[in-house]
Amino acid sequence: MLYSFRRCPYAMRARLGLLFAELQVELREITLKSKPPHMLAISPKGTVPVLKLPDGQVIEESREILEWALNQQDPSGLLTVDTAQAGRLIDRNDNEFKHWLDRYKYADLHPEMSQQEYRQNGEVFLQMLEERLADTPYLLGNKISIADIGIMPFVRQFAHVDRQTFYALPYPKLQQWLKNWLEHPVFLQAMTKFEPWQEGDEVVVFPEG
Ligand SMILES: N[C@@H](CCC(=O)N[C@@H](CS)C(=O)NCC(=O)O)C(=O)O
């Protein structure tokens, strides 16, 4: 069972992992303002995504959910890459890029630097992604890997702070990579809308069908 929040990039990462792994889960959409007591009971840190497995094990880090899903089955070969390198890219995303992304997005809450400076700090990571995409359509080569789906939701969030500014930056390969992702059927499926879950609701499965 997955507790998820549609707009959360970490939850998107988990949902993308489940979809590429072709796994189906019971989905409980939440709102961050009103987290279900059962979610907090199984994962007191109170962040989404949270995955509870049938054996009772709880996975409460998006990256671990992504890795767990693809380790169950990986029909598209997202792990058929240098996984250590993929891990380093996701580390940089989570530890470095996310820091600047949050400040860029909520610059008014962090007046120590200007929004432009936050954006430029975030662009160090984007520049590195652009270089990776110079010769291949995906971050680790010619096919989608765990790095692409682990990072894509965060680049999307960065772009959507100010789309006009993002698409005017000198990162044509990255812009195309993001555009392709935004139209990718698996991403569109990951963004299916669900009503917030309440105790007593009928089971919702993800993906549907
Ligand atoms: N390290 C966690 C971070 C998850 C996270 O921070 N999720 C945010 C939403 S995007 C959240 O649930 N925040 C709790 C809150 O805002 O109350 C992971 O990778 O799963």
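The values are calculated or read from the model by the stated rules, or taken from the named source; none is laboratory data. Fair warning: this is a prediction, and the values are worked out from it, not measured in the lab. Quick reminder, even Gly has a Cβ in these numbers, built from the backbone with ideal geometry, and neighbours come from all protein chains shown.
Against the definition (under 24 Å from Asn142 (Cα atoms) and either in contact (Cβ under 8 Å) with a residue 60 or more places away in the chain or more than 9 Å from the ligand (Cβ to nearest atom) (or both)), how does Met39 come out, yes or no?
Details: under 24 Å from Asn142 (Cα atoms): no; either in contact (Cβ under 8 Å) with a residue 60 or more places away in the chain or more than 9 Å from the ligand (Cβ to nearest atom) (or both): yes.
No: the conditions fail for Met39.
Only one entry of Ser43, Ser34 meets the criterion of being at pLDDT 95 or above, loosely packed, with under 13 Cβ neighbours inside 10 Å and small (Gly, Ala, Ser), and that entry is Ser34. Tell me, yes or no, whether segment 141-151 has at least one residue that is on the phi > 0 side of the Ramachandran plot and not polar (S, T, N, Q). Yes, segment 141-151 contains at least one residue that is on the phi > 0 side of the Ramachandran plot and not polar (S, T, N, Q). Tell me which residues, restricted to segment 47-70, are away from the ligand (no atom under 13 Å from the Cβ) and more than 14 Å from Leu19 (Cα to Cα). Listed by number, the residues that qualify are Lys52, Leu53, Pro54, Asp55, Gly56, Gln57.
Listed conditions (1) over 14 Å from the mean Cα position of the chain (by Cα); (2) loosely packed, with under 13 Cβ neighbours inside 10 Å; (3) within 14 Å of the ligand (Cβ to nearest atom) are all met by Arg7, apart from (1).
Taking the criterion of being closer than 12 Å to Leu126 by Cα and in contact with a Phe, Trp or Tyr (Cβ under 7 Å, 6 or more places away or on another chain), the only residue of segment 167-197 that qualifies is Gln175.
Take the conditions (1) assigned by TED's automatic domain parsing to the domain that holds Tyr10; (2) in a helix (DSSP H, G or I); Tyr104 misses just one of them, which is (1).
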